1. Just checking, which of 145, 155 is over 20 Å from the mean Cα position of the chain (by Cα) and free of Cβ contacts under 8 Å to residues at least 60 places away in the same chain?
2. Within region 190-203, which residues are open to solvent by less than 40 Å² (accessible area, probe 1.4 Å) and among the aliphatic types (A, V, I, L, M)?
3. From 80, 74, 46, 56, grab the single residue that is touching a residue at least 12 places away in the same chain (Cβ under 8 Å), under 17 Å from residue 142 (Cα atoms) and touching a strand residue (DSSP E or B) at 6+ places or on another chain (Cβ under 6 Å).
4. Would region 166-182 turn up any residue that is open to solvent by 40 Å² or more (accessible area, probe 1.4 Å), under 25 Å from residue 273 (Cα atoms) and touching a His at 6+ places or on another chain (Cβ under 8 Å)?
5. How many residues does region 173-193 hold that are part of a loop (DSSP other than H, G, I, E, B) and within 18 Å of the chain's Cα centre (by Cα)?
6. Taking the options 176, 207, name whichever one is among the hydroxyl-bearing types (Ser, Thr, Tyr), on the phi < 0 side of the Ramachandran plot and in contact with a Phe, Trp or Tyr (Cβ under 6 Å, 6 or more places away or on another chain).
7. Restricting the search to region 87-122, which residues are hydroxyl-bearing (Ser, Thr, Tyr) and open to solvent by less than 50 Å² (accessible area, probe 1.4 Å)?
8. With the requirement that a residue be open to solvent by less than 30 Å² (accessible area, probe 1.4 Å), in contact (Cβ under 8 Å) with a residue 60 or more places away in the chain and farther than 20 Å from residue 125 by Cβ, what does region 204-237 give you?
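The values are calculated or read from the model by the stated rules, or taken from the named source; none is laboratory data. Because the structure is a prediction, the values reported are computed rather than measured. Positions of Cβ are generated from backbone atoms using ideal geometry, with glycine treated the same way; all protein chains shown enter the neighbour counts. Side chains are part of the model used for accessible areas, which takes the heavy atoms of the whole protein and leaves out ligands, DNA and RNA. Shrake-Rupley method; radii C 1.70, N 1.55, O 1.52, S 1.80 Å.
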Amino acid sequence: MAIRSCLAWAVVFCALAAWICPSAQAGPFELYVSDGNGVRLLDASGTAVNYAPTDGGARGMAIADGVFYTAYQGGAHRQGVSRVDYPWAASPAYDKLFETLDADTTRIYDDPGMAVIGPDGALYVVSTNLAKGIIRCDRGTGQITRFVDGSDWGTAQYMTLGPDATGDGLADFYLSHYTTTEPIVNEVRILDGATGAYVGNLVDSASNGGLNRPYQLAFQTEQGQPYLYVVSMLNDRVKKYDGLTGAFIEDYWRANWVKAGQTATARTYALAFDDTGYLYVTTNNGLYRVDPGGGLASGEHLYGGFGLNYLHYVPEPASVSLLLAGALLLKRRR
């Protein structure tokens, strides 16, 4: 028992150390951004160094076991998920993992959004339109099944994995959800990572700090404490919450100060953090990099203009799986 306890705490310590001191993690800088035609790989300067076209507008991205997955929608009225070997070769070419035509009225998904590798290693994709919910895809066979029925949802297209809210030792899904008709809600829902069952809200409409149409979201650990950052699209903010209680902390960044002289409001869409705590945000003015602690009106324009929809930064910290493994060991010890 003592050995298992020591091992568990060692795993947790290493996980937290990797989060708190990300410079200890080796790996090249890789930031992927999706647009209406494909996915671009950017280096630390914001220069596009590679490009993979998709059959339609590229959406959410995920990486597992040497494969890069991208959801897409639009080309020739078809939609699905494509895949390509990872790391990318020069001028990578996707092939299809699964695909359906818009004319197929029996399809179990529509207008795919965020893609996430789940706790079980399968690929999970948010279905955002006619067949709202989440589908599960066996990455080996490409077989898809309905994981969550979202027929009673308003609008949801972004999700991420986050802290274990159910106590089963597995990460849970956190889903941005909002409505545009009464009753108006703007919230972050928790879905059980094993079953997809609705657990509750981490962020509620009644105490969300002005969250308005939540888009991409991400957890970031600071000094051992998880925080949730959420894009608030309609008021051009990135909002920060306690990652365990959902309590609103602050407006971390706003987009509508950028590019002096531009009349269009700089809507905020997607976000990602790198290993050193820099925040990357897409707006309708392009991609911005925000210095840690830089304040509301800060940031540097790095790349592009309108149409950058999703961000994915790698390498993803190994601390996530380490922390879950340590927590599971501790739970079994008890």
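1. Selected residue: 145, the only one of 145, 155 that is over 20 Å from the mean Cα position of the chain (by Cα) and free of Cβ contacts under 8 Å to residues at least 60 places away in the same chain.
2. 190, 191, 202, 203
3. Only one candidate passes the filter, namely 80.
4. The answer is no; no qualifying residue exists.
5. So the answer is 2.
6. Criteria check complete, one pass: 176.
7. 94, 100, 109
8. Those that are open to solvent by less than 30 Å² (accessible area, probe 1.4 Å), in contact (Cβ under 8 Å) with a residue 60 or more places away in the chain and farther than 20 Å from residue 125 by Cβ: 221, 226, 228.
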